[in-house]
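The values are calculated or read from the model by the stated rules, or taken from the named source; none is laboratory data. All of these numbers come straight from a predicted model, not from anything done at the bench. In this analysis, Cβ positions are derived from the backbone assuming ideal geometry, glycine residues included, and neighbour counts consider all displayed protein chains. Please note that ligands, DNA and RNA were not included when accessible areas were found on the heavy atoms of the full protein model with its side chains. Shrake-Rupley method; radii C 1.70, N 1.55, O 1.52, S 1.80 Å.
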Amino acid sequence: MISKLAGKNILHIGGTSGIGFAVAQQAFRDGANITVSSSSKERVEKAVGRLRDSNPVRASAVRSHVADLSKRDTLEETIENLLQYAAKTSPIDHIVFTAGNVPQLVPLSETTFNHVDAFLTVRFFGAIALAKYAPKYMSLSKSSSITLTSGTQSKKPSSWLPPAVCGAVEGLMKGLAITLSPMRVNAVSPGFILTELMERLPENMVQGAIEKHTKASLTKDIGYPDDAAEAYLYLMKDRFVTGSTIATNGGAWLV
């Protein structure tokens, strides 16, 4: 049976590692044409190499583009250049947005608006810029979609700022679903997913986080990129779902 993603032109923003790469990898296996984007040239080249090595026959179906969304002053230009590149050979069918930076979280009493901006620039303002320019480069029908990324903090906060960011993304998604109709806009809300990001942290800290989130999970395990990727793949394939958030968190909201 031919996949609904076969031959589709998919742009993965933040698709070089973790969940983003898992989505790109599975979509590529399903026959999609892939454009992978990240702020790091090294990470982009590594991700593209892994995808092409997995299927040398379809190596030409994978392209890459470096785009740093953390610079507010050039954000709109960066986004439009990325979209132009991804749509060079055909209109974009789907955009998967998993990009996100992790600035240092400081106490509310010490925060500044610049600090808040650092959290919002990629995930929120980046998503707004994407939605502003995407219609020029996409097929405007129910077969096309944009999928954003929030997180469990939107409904189960552990500190003051992350739930505000996740909630802003989910609220924006709903507004965009109405504004960009009939194109579909959705979001995925991942829980604790074991990704390459953990490799940058001390081993005892990672192990402590794994134990904590395993106990706080109804599945008695943490999440993995290959499983979480299925939520994004579903949202691309189901042409009757829009304005929705899918949670992949092991039941964390119920614990």
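Couplings 3J(HN,Hα) of region 202-211, computed from phi: x, 4, 5, 5, 5, 5, x, 5, 4, 5 Hz, in residue order, whole Hz [Karplus 6.51 cos²θ - 1.76 cosθ + 1.60, θ = phi - 60°; x for Gly and Pro]. Here the 3J(HN,Hα) profile of region 6-16, calculated from phi with Karplus coefficients 6.51, -1.76 and 1.60 at θ = phi - 60°, is 4, x, 6, 9, 10, 9, 10, 9, x, x, 9 Hz, Gly and Pro shown as x. Placing one equal scatterer on every Cα of region 45-164 and applying the Debye formula, the log10 ratio I(q)/I(0) at q = 0.10, 0.18 Å⁻¹ is -0.41, -1.05. Computed over the chain with a Gaussian network model linking Cα atoms closer than 10 Å, the most mobile of V102, V165, V188 is V102.
With all pairs of different C-alpha atoms in the average, the Kirkwood value for the hydrodynamic radius of the chain is 18.5 Å. Comparing L235, L218, L82 in a Gaussian network model of the chain (Cα springs below 10 Å), the most mobile by mean-square fluctuation is L218.
In this structure, the residue pairs whose Cα-Cα separation is over 20 Å, taken from K155/K212; K8/K142; K4/K132; K155/K215, are K4/K132.
Accessible surface area normalised per residue over the chain is 50 Å², counting heavy atoms of protein chains with a 1.4 Å rolling probe.
Taking only alpha carbon atoms, region 133-255 gives an Rg to Rh ratio of 1.03, where Rh is the Kirkwood radius.
Rolling a 1.4 angstrom probe over the chain with all protein chains present gives an accessible area of which 55% lies on carbon and sulfur atoms. Close amide H partners of S38, meaning residues 5 or more places away or on another chain with modelled amide H under 5 Å apart, are G14, H65, A67. Under the criterion of Cα pairs below 8 Å and six or more residues apart, the relative contact order for the chain equals 19 percent. Here the gap between S141 and L254, fully extended at 0.36 nm per residue and compared with their Cα-Cα distance, gives a gain of 37.1 nm.
Accessible surface comparison of Y85, Y224, Y232, probe 1.4 Å, protein chains only, largest first: the order is Y224, Y85, Y232.
For the chain, a Gaussian network of Cα nodes joined below 10 Å ranks P202, P91, P56 by mean-square fluctuation, and the top entry is P202.
Per-peptide packing, taken as the mean over residues of other Cβ atoms within 10 Å, places 207-217, 176-186, 20-30 in the sequence 20-30, 176-186, 207-217 from highest down.
Take the Cα of Y224, go 7 Å toward its beta carbon, and the backbone nitrogen atoms of region 2-38 under 18 Å from that spot belong to 17-27. Approximating the spin labels as points 7 Å out from Cα along Cα→Cβ, the I128-to-S159 distance works out to 2.4 nm. Distances between placed amide hydrogens fall under 5 Å for A247 paired with S189, all partners being 5 or more residues away or on another chain.
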